[in-house]
1. Among the numbered criteria (1) in a loop (DSSP other than H, G, I, E, B); (2) closer than 16 Å to A:Phe297 by Cα, which single criterion is violated by A:Lys386?
2. Scan region A:149-164 for residues that are buried (at least 18 other Cβ atoms within 10 Å of the Cβ) and more than 7 Å from chain C (Cβ to nearest Cβ) and jot them down.
3. Of everything in region C:393-418, what is more than 8 Å from every other protein chain (Cβ to nearest Cβ), aliphatic (A, V, I, L, M) and open to solvent by 60 Å² or more (accessible area, probe 1.4 Å)? Give them in sequence order.
4. Tell me the helices (runs of 4 or more DSSP H) entirely within region A:560-663 that contain at least 3 residues that are out of contact with any strand residue (DSSP E or B) (no Cβ under 7 Å at 6 or more places or on another chain) and in contact (Cβ under 8 Å) with a residue 60 or more places away in the chain.
5. Considering only region A:942-998, give the strands (runs of 3 or more DSSP E) lying wholly within it that have at least 2 residues that are surrounded by fewer than 20 Cβ atoms within 10 Å (Cβ to Cβ).
6. Can you report the number of residues in region C:368-392 which are away from chain A (no Cβ under 14 Å) and surrounded by fewer than 21 Cβ atoms within 10 Å (Cβ to Cβ)?
7. Looking only at region A:528-547, count how many residues are part of a helix (DSSP H, G or I) and open to solvent by 10 Å² or more (accessible area, probe 1.4 Å).
8. Going by what's in this entry, would C:Ile68 be described as under 25 Å from C:Asp212 (Cβ atoms) and not in a loop (DSSP other than H, G, I, E, B)?
Amino acid sequence: MSQDFRLDSVGLINRDKKLSFKFNGKKYFGYEGDTLASALLANGVHLVGRSFKYHRPRGFFGAGVDEPYAIVQLYRNNETEPNIKATEQELFDGLEAKSVNCWPSVNFDIGAINNFLKIFLPAGFYYKTFMWPKSFWYRIYEPFIRKAAGLGVASTKHDKERYEHKYEYCDLLIAGSGPSGLSSAYAAAKNGAKVILAEDKPRFGGSLLTDDVNIGNQSGKDWAEGIIAELKTMPNVVVKNRSQIFGYYDHNMLVMSEKVSDHLPKTKKYHPNKRLWYIRAKEVLISSGSIERPIVFGNNDTPGVMLSSAAKEYLKVYGVLVGKNPLIFTNNDSGYETAIEFQKHGVQPTVLDSRKNPESEIIDEAKSLGINIKNSYVVVAAQGYKKVKSADVASISDDKKQLGKIENIKCDCICVSGFWTPSIHLASQSGNKTKFKEEIDAFVPGISKQQETTLGAANGVFSLEETLQTSFSKGSELSKKITGNDNEVSIPNVVEKKFSKHDKFWCVPLPAGKNYKRFLDFQNDVAVSDIEIALKEGYRSIEHVKRYTTLGMATDQGKTSNLNGLQLVSEIENKIVPAVGHTTFRPPYTPISIGAIVGREVGKHSKPTRKSPMHAWHEKNNAVFVDAGVWLRPRYYKRGNENLFEGSKREAKNVRTNVGVCDVTTLGKIDIKGPDAAELLNRVYTNAWLKLPVGKARYGVMLREDGIVMDDGTTTRISENHYHMTTTTAQAANVLSHLEYYLQLVWPELNVNVVSTTEQWAGAAIAGPKSRNVLQKLFPNLDVSNEGLPFMGYLEGDLFGVKARIFRISFSGELAYEVNVESDNGNFMWEKIMEVGEDFKIQPYGTEALSTLRIEMGHVAGSELDGRTIPYDNSLEGLVSKKKDFIGKRSLQRSAFTAEDRQKIVGVVPLDKKTSIPEGSHLVKDDKAPLPNPKLGHISASCWSVEYDNPFSLAILKDGKNMIGEKLFAMSPLKNKVIPVEIVSSHYVDPKGERVRS
Amino acid sequence: MRPQIEFSYGGDASVKRPELNKEISDQEWDDFVYNRKSLRGKHLELWQHISGCRQWIKVERDTATHEIFKTFKADEEVA
Amino acid sequence: MQKYSIFNLVKNAFSNHQNWDLAWKDPEPKEEYDVVIIGGGGHGLATAYYLAKEHNITKVAIIEKGWIGGGNVGRNTTIIRSNYMHDENGLFSEFGMDLWRKMSQDLNYNVMFSPRGIINLAHSDAQMNAYARRGNSMRLNGIDAVLLNREEVKEIIPMADFSENVRFPIFGGLMQPSAGTARHDAVAWGYARQADDMGVDIIQNCEVIGFDVSAGKINGIRTSRGNIKAKKVGLCVAGSTNILAEKLNMTLPIETHLLQACVSEPVKPVLDSVVTFGAGHFYISQSDKGEMVMGGDLDGYNSYAQRGNLPTLQHVLTEGIAMMPFLSKLKMLRTWGGIMDMSMDGSPIIDKTHIDGLYLNCGWCYGGFKATPASGWTFAHTIAQDRVHELNAGYSLNRFNTGHLIDEKGLGTKTWIS
């Protein structure tokens, strides 16, 4: 298949490697080094999509990141990705792409009816309509609007690609590999600085690839290639192509997205799709260049209208003619460069220059080549629907207000140049307050805010010579400051054409009687008339204009539209552009893959998984696990066809009748050492700690300063100045920080050290009437009798050769012990316990049985200590010392906390003794009361009491202490349940606590 | 220089906890527990190197620009 | 003022939309007002509107430092809900839901309220129970709530992670079907347009420099555009509350923090509900434009900078992918930051102050947008009647002293933990 618009032997593509691809189902060919855009243009395809609102035909406008509308759905390796810019997507063999936002096809799009309704759909029309009748909004209008939303189609499949993160430090980070970036990189590299040079395109060189300039007696392109080749050999330099620095964050941190695999048919094995670089740079050089801006005229969105620089790039880089009868419309000398390139390659362009008598070297050259030039001429409107067929042109008065007679010129493309807009996004993101530079009608960076310097075109400097000089010297200067080296680098001589002044002209007036749409924002269909309406209605702040019209809010983020929008507002409002101000630049500069931002923490690895040393044993023994924070804990050990209820009931019952063992490794453990350890505990806990003897444990509750219970647990005095604190699994990390906070900041005079030992110890709770028998067998040489190891006692022992700590503490309310060994021995301990416990019918029990046991004992846990309760609410007032001060004590005086009818924990039993009360039910007096029905309390935890074989729940109930014996209703409207209940004591089993002391 | 994610925030460092066992007014207590100036500009605040050495430090930082001016040790008095 | 109607829309279409009225005027500040509302955000504009509409007080000025709607009403994720556990929050928000449902007609401005439902995902039985507690509380307060099991969730959001390769499997969720989203800017503009029409002066680019207080009574304010006398002054400046409080020598139980949000590129409709992740802090909805609107944790330090850092967004998006892996293939288009009044129990303050004639509306944390109408309505009542309405009685300033806290999350005073 011939490519009608491809020139022979021009461009940087690899003609030896032909690639086939499909667009909208049709097969085409391109070459290695093409983008999808250049390959389509080579094949004469200009119609690529439809606009967002009016569904007008859209083609290619740019050749890179600034592209506002050549957006396609990409298919690659059995996956699909929406909203890919055809101008950025490199061609690979087998690529498939489709147009978006059109149905049934890009050629015939039903949505284009909006184009005929457009007079009804001005800026803000949504806000003025769709309100009548009211119900239609919900049933008809809104669903319809939503259906019309969006560009491409998101795949809902799981992403199989891999994304990596990399963290780098460097002396100089240089954004952009055009003349300025290369110069400063080279100078800095020669001084031995650690340099990272990033280029978002596949090819290095920036404007040097397309500009007809000469550096150091060679072409700009050859010079760039030479410099890059040398930089690549230097060990202190990293050069990265396909890498976009998209964000400039605090403290000179920049983030770069490297496309590793997007240019390949599929990602190579072990390779990431993209790599995200967090780069902390000592100095940042912003050499991001500039983007040509359009001149606004009628129907300027017609396919075939494009930036003059893009036309030149397609020609010089890809050997592609965007038209064979081009019309160049310019207000500056850049348009002539494109015209000359066309002319040189056998295509005769016509140049319309809005200026009256421009004079410069390049215009002379164009004239000498015989190019047809019309001065004081403008394009009034493009003609043609799916492709430019001709242009209505006219002369224009000096004040740019009056058009001459309209003539029609045949052409197949209109290349437009309205001068250049520096890419100042990175500088602006760094916090730099940009300033408006009259000479170029654009914003440039102001005073540096962080360690950043903007150079070259990004700084509004369009002379190559000046760019090289400032960039070389800045590269030398900054690197010298860092490395101390001062290696002289000579700045090459430059041959470039001098440009004359551009015309301050950016929008062609409408001819009398015509009502052409003149687009500012192409993707969002924002036209001059929309801005006019917004201003007329009083949406005058530039932010209001932007939000009301959606100017600059499309996926191109207004790269080609924002400045023209500002010019328009400034003109209508009669304010200077800087007074209008621009909207804030925020990262990312260009849309960035969410996968790349997230990296490897996906799927099972989205958060860490913590497992106890006995995990493998649990797995082997049919444990069903439950997430407890990031820990996995056995919920129950399934036997046969048991369900959770049956299994946990069996396990709990076995604890009450025989003995059970539970993995409590996940409990937080903190080692506390130092002469003031007791004093610390005394301040942290609500109860008294100064007199706890060595070898004894005590239960304690700690509060936040606002009086709310923070955590509970036992702490054991291991030796004179050594304590072992346990916390709940959930609060382990917070408690440690809490202690460190007070020790380091509030009471630094206390001589205490704390360290987390959660990971150091494996823990097993042995509970049940026969637990002492098991313990005796584990430690045959120890006296573990009630006298030898009384309740809340502590012993150290030898567990078959392994050092162990034995605590006589109980959460289940049974006679119970907790044995800790070093983590490495955890599994050994566990197996020994199971082995010696066999005679006593030991069974492992999980968190569900543990819950049952603690609930029927009235012991509180996370569902009661929910960050909203004070000690009193949990019947822990006995632990609150009246004598000493402690963290949070002052808050307990608050009137709500001391109110007579303050909430308190109670037990709840269904009157029928059969119906389990769903957790989260609320207690009410009258189940038939009108809504809102006053709630007296809520069910915090429910279980099936194995002691009494009926349901039992805990509740936090208003005036709980006076409610024992009352009959209420537990209501769960979510589950459609109303259960008559009786309020009882929360200590349902063994209210006197005799078992733990037996 | 360590990444921000290694640190966890601890709030206004100028807030002093009232001494233990000292009679204080409701106002004084509320000022300690709840009330914060939280102004724009220089702010002395606490950070803990939580995924590191676990030291608490005081940081003088600009709440408008995020610029960090100075850091202090936990027990260092800040003038 | 022209009414927005089909008739007027057609009429204007044929005159090229050249004849629309100003949505609001741009008056010079007068010397004196009955009420000055500081802050031209959603809450301030709504307050002025309800002062005029419900209390017939029209000698009102809104004083805005920048441009109206430029604060959090213009930089939020537009979620509207009343799925609260505590009565104070639930009843207040549900009152607001009614105002939302009729807002477009009420304001003659389409705010595009879209009751698409919100689902809070649960990833454990314990979380299901906590949600049941909240959902039952909602139901008993007359608010719609449904507890969904895993299969029911899957039917509504099949693109969530129901695979084996998931760290925190979905157990179910709590849904409020009547919750939804709205077009945030339209809310500010709609209130502004109607308030203006009823005589309220909307004064932009006017910064409050100080207050004129004598003998415990407010007399007016000092601004960059001169002094303005006022019988009553309402503070509605969430995000800048601490700054103005300092000018009044008040220290409030509020810290100022930064919250980031982001949107993806627009894609065809794929997600019909608002969804929140239960094993972290992440929420998402799809806008009427097709963008996925996402948010999560605070950056976690006091800040007035409307710019955040990437690690926080990375963390938020990590949770996003953990919940809905397909998000990985989308691209992040825009990010922004908003400045939050983080109150010490997570609930707002709408109250009188110790200064006569000075009223406080602040501490909205993440939840300000949804509260716009109810906040404006109750604040207008509080100012007009010089007493709180029963709907905002719980949002008192002295609850921090009495201990009548409204802590939905049970996190206490560490406002930076979210």
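The values are calculated or read from the model by the stated rules, or taken from the named source; none is laboratory data. Since this is a predicted model, take the numbers as computed values, not measurements. Cβ coordinates were reconstructed from backbone atoms using ideal geometry, including for glycine residues, and neighbour counts include every protein chain displayed. Protein only, heavy atoms only, side chains kept; ligands, DNA and RNA dropped before computing areas. Shrake-Rupley method; radii C 1.70, N 1.55, O 1.52, S 1.80 Å.
1. Exception for A:Lys386: condition (2).
2. Of everything in region A:149-164, those that are buried (at least 18 other Cβ atoms within 10 Å of the Cβ) and more than 7 Å from chain C (Cβ to nearest Cβ) turn out to be A:Glu161, A:Arg162, A:Tyr163.
3. The answer is C:Ile417, and nothing else.
4. The qualifying helices (runs of 4 or more DSSP H) are A:644-657.
5. It comes to A:977-984.
6. Counting residues in region C:368-392 that are away from chain A (no Cβ under 14 Å) and surrounded by fewer than 21 Cβ atoms within 10 Å (Cβ to Cβ) gives 6.
7. Going through region A:528-547 one residue at a time, the tally reaches 7.
8. Judged against the criteria, C:Ile68 is not a match.
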